Amino acid sequence: MARILLGKLVLSWCDNCHTPVLGKKCSCGAETRPVSVTPPGDIRPAFKSDIDHINSLYEAQFGEKLIPDGHIVILNKIPDADRMEEVIMGGSVVCAYRYIPAEKRWELLPRIHAFEYAKPRRKYVVVDDGAVESIKGGSSLLAPGLVEIEDSVRADDEVFILSKSGECIGVGRARVSAEDARKMTNGAVIKTRKPKPTVFVKGEASWDDAIRSNSVILDNVESESIAFVKSVVAKNPNLPVNVSYSGGKDSLATLLIVQKALGKTPIVFSDTTLEFPETYQNVADVVKKYDLEIIRTGAGDTFWENFEVEGPPAVDCRWCCSVCKLMPVKKLIEERWGECLSFIGQRKYESLARLKSPRVWRNYKVKVQLSAAPIQHWTALHVFLYLFREKAPYNVLYERRIDRIGCFMCPSSDHATFEIIQRDYPDLWAMWQEKLGHWMEKNNLPEEWRTNALWRQRGGEDDTSSYT
């Protein structure tokens, strides 16, 4: 998959505090070291449910849990066929995990430093001393260099490669099963994953420690964003101001910034009628906590009326955003203000379209709305650290491995997220499957169109940029 750089890769690590730092210097005064992550680098914290998920995958494959209590874990979503994330601990990538839709399963891909947290009881090989240096250099393990292979190894399994002294010298993928490997006299047993030189320093820390480590950085990005808000308002003094609030982390951070810049500001919530229950609760919690005026737009039955004509929305045909969000917002603005200035929780690390978007813009479908993005240059980790520091009521869905807050059946979601929704929201998912079934029968489509979520893609270009 293509690796797109949407902004500077900002993750560094303080080996003194054992915390992630979003700059070159920790607040403790120590210089940090950069952490090599795969672009786009929209890093975020791992919550307990993420850690439990990773530990369950690691234990199923290697017989031990990977992540001990008291350690900070960072996740980095990377390009893949569906969902794949790097796991960063100790200032280094220790593993990645990915969802394989065709097999409806997760796979964990270890890196060498995972061995420092959990020595495998399964899926490992031991090699002869003469093969150690070549394997460290990335060479495959050949049959003559094999000393021992654990019984559970099957062809295509991820494995650890150990020396006879017990050192982890590499990781890779088995070409053959343990049974077949023991019969071989030549040929490759393990295809080694070429290692990248990385620094790793193990140590305990908390998110409170991480907030302290980033205190100066958070103060700086907050000040810049507040100055941006004041500047945009000063340049457009006649426009009524509001904050577009979705129930997600980015709009919450934007709301806090705008309040610090301008004081209490009304929020506009576009109710598609397709939101998660937790999102509606979050909107209510935020309104109550900050004593805000909320202005709602309602889509009513518009989505389902359009569904009967257009079919389900797809990544490359997202008519839903226009019908359920943009047009109701346009109508609201015209009726209430005529024109307005809305602060939006847009960030460039989210997509190429948002990287290309100016920080102040007018959507061609809602020209009566001047939009501005105070946190355009923040990563997801900036956002979460800021919300943690401010003790802001973020949406609990983030703690349930749903990292995209929006309509429950958004076509831009991945198969992995749909599996979570199917499990945790069976009634919502059953209703959606029924609607898809009616369209499928009406248009003579095969069952796999529904079961494999082929409705998400119609074959054209991704039109996400149309709704930025």
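Taken together, the values in this text are just the output of simple stated rules run on the coordinates, not laboratory data. What you see is a predicted model, and the numbers here were worked out from it, not measured in a lab. With ideal geometry, Cβ positions are generated from the backbone for all residues, glycine too; neighbour counts draw on all protein chains shown.
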Taking amide hydrogens as modeled 1.01 Å from N in the peptide plane, which residues meet the under 5 Å criterion relative to residue 95, leaving out close sequence neighbours? 87, 111
Amide hydrogen neighbours beyond the local backbone of residue 21, cut-off 5 Å, H modeled: 12, 13, 14
Please report, in cubic angstrom per residue, the volume enclosed by the convex hull of the alpha-carbon atoms of the stretch 201-349. 173 Å³
Once phi for every residue in the stretch 55-67 is put through the Karplus expression 6.51 cos²θ - 1.76 cosθ + 1.60 (θ = phi - 60°), the whole-Hz ³J(HN,Hα) values, with Gly and Pro written as x, are 4, 5, 5, 5, 5, 5, 8, 10, x, 9, 7, 7, 9
Treating the Cα atoms of the stretch 101-228 as identical point scatterers in vacuum, please give the log10 of the normalised Debye intensity I(q)/I(0) at q = 0.11, 0.19, 0.21 Å⁻¹, two decimals. -0.51, -1.00, -1.16
Mind checking the stretch 266-332 for GluC sites (Glu not before Pro) that DSSP puts in a loop (not H, G, I, E or B) and that have at most 15 other Cβ atoms within 10 Å? 293
If you average the C-alpha positions of the stretch 293-338 and of the stretch 168-199 separately, how far apart do those two centres end up, in angstrom? 53 Å
Vicinal HN-Hα couplings computed from phi for the stretch 364-375 (Karplus, 6.51 cos²θ - 1.76 cosθ + 1.60; Hz; Gly/Pro x): 5, 8, 10, 6, 7, 10, 8, 10, 9, 10, x, 9
Cα-based shape type of the stretch 42-126, given that a ≥ b ≥ c are square roots of the gyration tensor eigenvalues and the cut on a/c is 1.5: oblate
Show me, for the stretch 248-263, the HN-Hα J-couplings you get by feeding each phi into the Karplus relation (A = 6.51, B = -1.76, C = 1.60, θ = phi - 60°), rounded to Hz, glycine and proline as x. x, 5, 5, 6, 5, 4, 4, 4, 4, 4, 5, 5, 5, 7, 10, x
Let me have the relative contact order for the stretch 285-425, percent, based on Cα pairs under 8 Å that are six or more residues apart. 19 percent
If you compute Cα extents along the principal axes in Å for the structure shown, which of (i) 79, 64, 33; (ii) 70, 60, 45; (iii) 68, 51, 43 do you land on? (i)
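Determine the relative contact order of the chain: mean sequence separation of Cα pairs under 8 Å and six or more apart, normalised by residue count, in whole percent.
It rounds to 15 percent for the chain.
Relative contact order of the stretch 22-96, please, whole-number percent, based on alpha carbon pairs below 8 angstrom and at least 6 residues apart. Numbers along the way, then the final one.
Working: 87 pairs, mean separation 19.5, N = 75.
Dividing the mean separation by the residue count of the stretch 22-96 yields 26 percent.
With a ≥ b ≥ c taken as the square roots of the eigenvalues of the C-alpha gyration tensor of the stretch 145-191, please select rounded if a/c is under 1.5 and otherwise prolate if a/b is larger than b/c or oblate if it is not? Walk me through the numbers before you get to the answer.
Values: a/c = 1.65, a/b = 1.33, b/c = 1.24.
Prolate.
When a/c is below 1.5 the answer is rounded, else prolate if a/b is larger than b/c, else oblate, so apply that to the stretch 358-407 with a ≥ b ≥ c taken from the square roots of the Cα gyration tensor eigenvalues.
Details: a/c = 2.75, a/b = 1.74, b/c = 1.58.
Because a/c hits 1.5 or more and a/b exceeds b/c, the stretch 358-407 counts as prolate.
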Long-range lysine pairs (8 or more apart or interchain), the stretch 312-465, Cα under 19 Å: 9
Where does the Debye-calculated log10 I(q)/I(0) of the stretch 318-404 sit at q = 0.13 Å⁻¹, using only Cα point scatterers of equal weight, no solvent? -0.56
Can you spot the lysines whose alpha carbon is less than 21 Å from residue 164's alpha carbon? Ignore those fewer than 8 places along the same chain. 119, 123, 136, 183, 191, 194
With charges only on Cβ, +1 for K and R and -1 for D and E, what is the dipole size of the chain about its Cα centre, in debye, rounded to 20? 1340 debye
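Round to the nearest 0.05 the FRET efficiency obtained for residue 360 and residue 184 when R0 = 45 Å and r is the Cβ-Cβ distance.
Details: r = 64 Å, r/R0 = 1.42.
Efficiency at R0 = 45 Å is approximately 0.10.
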Given only helices, namely DSSP H runs of n ≥ 4 each adding -39500 (n - 2.57), what is the per-residue ellipticity at 222 nm of the chain, to the nearest 500 deg cm²/dmol? -9500 deg cm²/dmol
The Rg/Rh figure for the stretch 193-286, Cα atoms and Kirkwood Rh, to two decimals is 1.14
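Restricting attention to the stretch 344-414, which chymotrypsin sites (Phe, Trp or Tyr not before Pro) occupy a DSSP loop and are surrounded by at most 13 other Cβ atoms within 10 Å? Present the calculation step by step, with values, prior to reporting the outcome.
Numbers: sites: 349, 361, 364, 378, 384, 386, 388, 394, 398, 408; in loops: 364, 378, 394, 408.
Counting only loop positions with at most 13 other Cβ atoms within 10 Å, the chymotrypsin sites (Phe, Trp or Tyr not before Pro) in the stretch 344-414 are 364.
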